[in-house]
Amino acid sequence: MDGVFEAAALVMRFWFFAVAFVVLLGAAGISINEYREKRFVLGVAQSSIGYLHIISGPEDMMGENVQLMYENTVGRSRRVNIIFRDASVDKAHSQIYQGDDGRVYVNRLGRGDVSVNGTHVHDTMAVYNDDVICFGNVVTRLHVKEV
Amino acid sequence: MVLERRGAGALLTFIIIFLISACALLSFREGSFDAGIAAYGLGAALLMLLAYNLAALIFRHIDRITLVICFFLTSIGLVMLLRLDMELAIKQLIWLGLGCLILFFTVVVIKKARDFGRINYLLMAASFGLLLFAYVLGDTIGGAKNWVNLGPISFQPSEIAKVMFIIVSAYFFAERRGRGASVFYAAYVGLCVILLVLSNDLGAALLYCGTFLIVFFAGTGRTLLTVMGLGVGAAGAIASYYVIPHVKTRVEIWQNPWIYYQTQGYQIVQGLMAIAAGGAFGTGLGLGYPEAVPVNTSDYIFAAICEEFGIVFGIITILLYLVFIIRGMIIARNASSRFDALLVFGATCMLSLQSFIIIGGVIKLIPLTGITLPFISAGGSSFIACMCLVGIIEGVAVKNGERDEREINEAGGEVV
């Protein structure tokens, strides 16, 4: 029995080393990835001015939150920041941006309809937290980040 | 935008595998199967699983990696204690259970507290009182008068006081309440260190001094004053070499332990020989002779680990402390208030300095001073104090996580 124990203990030295090594690598690896990811996400979150919650529109986007940066172009084209794949949305439909006064504005770029709480936007309009903004048939609710 | 929190469940599984396989091996050590040792391993594994899952459930943003590293270091200690002294191992398991409860309690307190306000003066008085109590009524064990016996309970007041010391230091450096308060705080630190030196508890004195200086530099950013503080510390160390015979002996033993092998140098030499005997991968768990090293369950447990698990395993242990420290520093850096940042920074520095002092002493890098290896060494007071410090770190991590989640939610993202 002693011989078996001795052999097992000798072999298990490498097992214990391997387990400790995996724990070390895992802890270090997770720490590095987590740190990078957190930094990136928080960096993006900090530079955001709020988000648009999609109430109705393209099915694949329903219920999603679309993040708003200082300046955003809404449309159907690939060249815009916020893409709504909906026939009622122009290629470059509208812009949402934060003005120098700190307020958020929405304007109309194309012919498509833009409305805020049911009021049509002809040129530029200031928008506030919880306003319902429609881009064609896409209905969204604005959430502005508290400063 | 989704921030995925990384779970540490897989790492915990490896820790449990380590614990159970080591206990399974040790259960056959005496020639026949010892169900007690196997049950011990299962019990310890279940306790860690329960504590980890409860912590993750109650505190959504707890830093899981820090907790898992702390559990791995604890499990190394449990295995080593089980190998060396079953009775101590059972006690340590009880301390682990209590330590987890204290950790949860500390997290709740830190999460709720802003900076403890005037309670700091109470903590100041309590910590000084504890050190004074040890100096006046304490028992001398291992040359240091740092144990207090209250009937069935015996504890090391300096271990409990160090948690209060960290909170008080963070408060004074964060608040900067003027010259009067600074002088008052400096007098408190000086008196604490003097009491520890008079009690011959040099390891704790070094720990308090070092932590104070590091937190002072972090809190004030005054390089010149910090260098002056270091100078005063060095002058104090040199003076104590000439004035306190105990210090002189320690330094002389450190310089050449081999000529004192039969007497005071025995411990260091045995420790070094144990580490050398282990080689890169150790002699094998249960196959070494760590019993030859005095105080192998407490101050010298690192030598016992190196002997049976190997020097490479010892290095991995040190690297795990390093990951723990880095995570602590990141939590301190992300803290929203100055008090929280200094609190975590102080707690992390104290644990790292404590590890450095004892590992450095064991491998003869610095003169040996009696102090426990955080999470690994046997000892209730030390373990509870370490769990309190982890609780401080985790409490601030929870605060940081909640703030980050709010920020991400406001930007339309979510934390999963």
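The values are calculated or read from the model by the stated rules, or taken from the named source; none is laboratory data. Bear in mind that the values here come from a model prediction, so they are computed numbers and not experimental data. When we count neighbours, we look across all protein chains shown, and the Cβ atoms used for this are built from the backbone with ideal geometry, even at glycine.
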*Determine, yes or no, whether B:Leu50 is at negative phi and modelled with pLDDT of 90 or more.*
yes
*Restricting attention to the range B:32-76, which residues are within 14 Å of chain A (Cβ to nearest Cβ), part of a helix (DSSP H, G or I) and within 30 Å of A:Gly3 (Cβ to Cβ)?*
B:Ile37, B:Gly41, B:Ala45, B:Ser75, B:Ile76
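One line per residue, one yes/no per condition, for (1) out of contact with any Leu (no Cβ under 8 Å at 6 or more places or on another chain); (2) at pLDDT 95 or above:
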{"site": "B:Gly314", "(1), (2)": "yes, yes"}
{"site": "B:Leu322", "(1), (2)": "yes, yes"}
{"site": "B:Ser382", "(1), (2)": "yes, no"}
{"site": "B:Met387", "(1), (2)": "no, yes"}
*Determine if the range A:22-44 includes at least one residue that is free of Cβ contacts under 8 Å to residues at least 24 places away in the same chain, more than 30 Å from B:Phe14 (Cβ to Cβ) and either in a helix (DSSP H, G or I) or not hydroxyl-bearing (Ser, Thr, Tyr) (or both).*
yes
*Go through B:Ala126, B:Ala186, B:Ala170, B:Ala161 for me and flag whichever is of a type outside the set (D, E, K, R) and farther than 30 Å from B:Thr66 by Cβ.*
B:Ala186
_Can you confirm whether B:Gly271 is in contact with a helix residue (DSSP H, G or I) (Cβ under 7 Å, 6 or more places away or on another chain), within 14 Å of chain A (Cβ to nearest Cβ), over 30 Å from B:Phe173 (Cβ atoms) and surrounded by 13 or more Cβ atoms within 10 Å (Cβ to Cβ)?_
no
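Kindly evaluate B:Glu414 against the criterion of being farther than 25 Å from B:Tyr52 by Cβ and within 14 Å of chain A (Cβ to nearest Cβ).
no
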_So B:Thr13 ticks every box in (1) at pLDDT 90 or above; (2) more than 24 Å from the chain's Cα centre (by Cα); (3) of a type in the set (Ser, Thr, Tyr) but one. Which box is left unticked?_
(2)
*Considering only the range B:9-31, how many residues are within 30 Å of B:Glu405 (Cβ to Cβ) and more than 7 Å from every other protein chain (Cβ to nearest Cβ)?*
4
*What is the one condition in (1) farther than 29 Å from B:Ile65 by Cα; (2) more than 7 Å from chain B (Cβ to nearest Cβ) that A:Ala8 does not satisfy?*
(2)
*Considering the range A:88-117 alone, what residues qualify as being free of Cβ contacts under 8 Å to residues at least 40 places away in the same chain, within 14 Å of A:Asn137 (Cβ to Cβ) and assigned to a loop (DSSP other than H, G, I, E, B)?*
A:Gly112, A:Asp113
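Out of B:Leu353, B:Leu319, B:Leu342, report the one residue that is more than 30 Å from A:Met62 (Cα to Cα), within 11 Å of chain A (Cβ to nearest Cβ) and assigned to a helix (DSSP H, G or I).
B:Leu319
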*Can you name every residue in the range A:118-147 that is touching a residue at least 12 places away in the same chain (Cβ under 8 Å), within 14 Å of chain B (Cβ to nearest Cβ) and part of a loop (DSSP other than H, G, I, E, B)?*
A:Asn129, A:Asp130, A:Lys145, A:Val147
*asked:* Against the condition modelled with pLDDT under 90, more than 7 Å from chain B (Cβ to nearest Cβ), closer than 30 Å to A:Asn107 by Cα and under 14 Å from the mean Cα position of the chain (by Cα), how does A:Gly57 come out, does it pass?
replied: no
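Within the range A:29-61, take every residue that is among the polar types (S, T, N, Q) and buried (at least 16 other Cβ atoms within 10 Å of the Cβ) and give me the one that is nearest to B:Val323 (Cα to Cα).
Selected residue: A:Ser31.
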*What number of residues within the range B:121-175 satisfy the criterion of being of a type in the set (Phe, Trp, Tyr) and in a strand (DSSP E or B)?*
2
*Any idea which residue in the range B:310-329 is nearest to B:Ile366 (Cα to Cα), counting only those that are free of Cβ contacts under 8 Å to residues at least 40 places away in the same chain and buried (at least 20 other Cβ atoms within 10 Å of the Cβ)?*
B:Gly314
*Looking at this structure, is B:Ile359 modelled with pLDDT of 90 or more, under 26 Å from B:Ile62 (Cα atoms) and not polar (S, T, N, Q)?*
no
*Mind listing whichever residues of the range B:151-181 are over 18 Å from B:Ala125 (Cβ atoms), over 16 Å from the mean Cα position of the chain (by Cα) and not aliphatic (A, V, I, L, M)?*
B:Gly151, B:Pro152, B:Ser154, B:Phe173, B:Arg176, B:Gly178, B:Arg179
*Restricting to the range A:15-28, what's the tally of residues that are among the hydrophobic types (A, V, I, L, M, F, W, C), facing chain B (nearest Cβ under 8 Å) and either surrounded by fewer than 15 Cβ atoms within 10 Å (Cβ to Cβ) or within 32 Å of the chain's Cα centre (by Cα) (or both)?*
2
